[in-house]
Amino acid sequence: LAVILARGGFTGMSDPFFSPRGYFAQFTKESDCRYITNGLGSRLFTRGYHKAYPGCFEVHAAVDGCMELIGPGDISSTDIHQVVVEVWPHVASSFIGQEFLEGDSAEKALFNLRYAVANTLARGDSLPSHYDPCSIRDPEVLRLAGIVQIDPVLPVEWGHGVAAIVHIL
């Protein structure tokens, strides 16, 4: 599709990072470009893993926890009044831990812990189709996203990005 559009004269945005529909606008409320090159050329870290669900890897443990708690239809999302997700402090303070509000983008939903938890509790699963523009505006998912509290209490010694404890009240 990209080749066909380019052949037809379609061009991309002039600033893919800082324009109103650019990368940082989709995933953060505010950004500071001074940090983009922090450490560039001095270190490299990579790790491979299998992604079980759409979205950022750091939401996977919480999605697993939600699916374990609700079981095969044992709990209705309408009976849920509070959700607390315990995570590492660095996860809670990153863009993953931002609020998810009506009107936020599908791109933001893919990197948002509150949306991932709310979606799983409302639908009983986490599928790529749950991240389209129509699905992210589901009133029940938005209600649940609004009651998800993120508690940055997990010990750092537990590792990086692969644990969460979910409480449903």
Legend entry - Cβ-defined net charge surrounding P133, 13 Å radius [Lys, Arg +1; Asp, Glu -1]: -3
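Using a/c under 1.5 as the rounded threshold, could you call the range 97-146 rounded, prolate or oblate? The axes a ≥ b ≥ c are square roots of the C-alpha gyration tensor eigenvalues, and prolate needs a/b larger than b/c, oblate otherwise. Working shown, then result.
Values: a/c = 1.24, a/b = 1.11, b/c = 1.12.
It is rounded, given that a/c, with a ≥ b ≥ c, falls under 1.5.
Averaged per residue, what accessible area in Å² does the range 1-102 show with a 1.4 Å probe, protein chains only? Show your work: numbers first, answer last.
Numbers: 7240 Å² over 102 residues.
Heavy-atom SASA per residue in the range 1-102 reads 71 Å².
Hey, what does the equivalent ellipsoid look like for the range 66-126, semi-axes from the Cα gyration tensor as sqrt of 5 times each eigenvalue, largest first, whole Å? Write down the numbers at each step before the final one.
On the way: eigenvalues 90, 40, 20 Å².
Semi-axis lengths for the range 66-126 are 21, 14, 10 Å.
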Inset, instruction - Please work out which option in [x] 1.50; [y] 1.00; [z] 1.14 gives Cα Rg over 2.2 N^0.38 Å calculated from these coordinates, and answer with its label. - result: [z]
Inset, instruction - Apply 1/(1 + (r/R0)^6) to the Cβ-Cβ distance of L40 and T11, taking R0 = 30 Å, and write down the FRET efficiency to the nearest 0.05. - result: 0.60
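Assigning unit charges at the beta carbon (Lys, Arg +1; Asp, Glu -1) and nothing else, what dipole magnitude in debye, to the nearest 20, does the range 35-169 show about its Cα centre?
Numbers: 8 positive and 16 negative charges, 92 e Å.
Once rounded to the nearest 20, the dipole reads 440 debye.
Out of all DSSP beta bridges in the chain, what portion is antiparallel? Express it as a percent rounded to 5. Could you put the intermediate results ahead of the total?
Values: 4 of 8 bridges.
Restricted to the chain, the bridges split so that about 50 percent are antiparallel.
The values are calculated or read from the model by the stated rules, or taken from the named source; none is laboratory data. Source: prediction; values computed, not measured. Every residue, glycine among them, receives a Cβ derived from its backbone with ideal geometry; neighbour counts consider all protein chains shown. Only protein heavy atoms, including side chains, enter the accessible area calculation; ligands, DNA and RNA are left aside. Shrake-Rupley method; radii C 1.70, N 1.55, O 1.52, S 1.80 Å.
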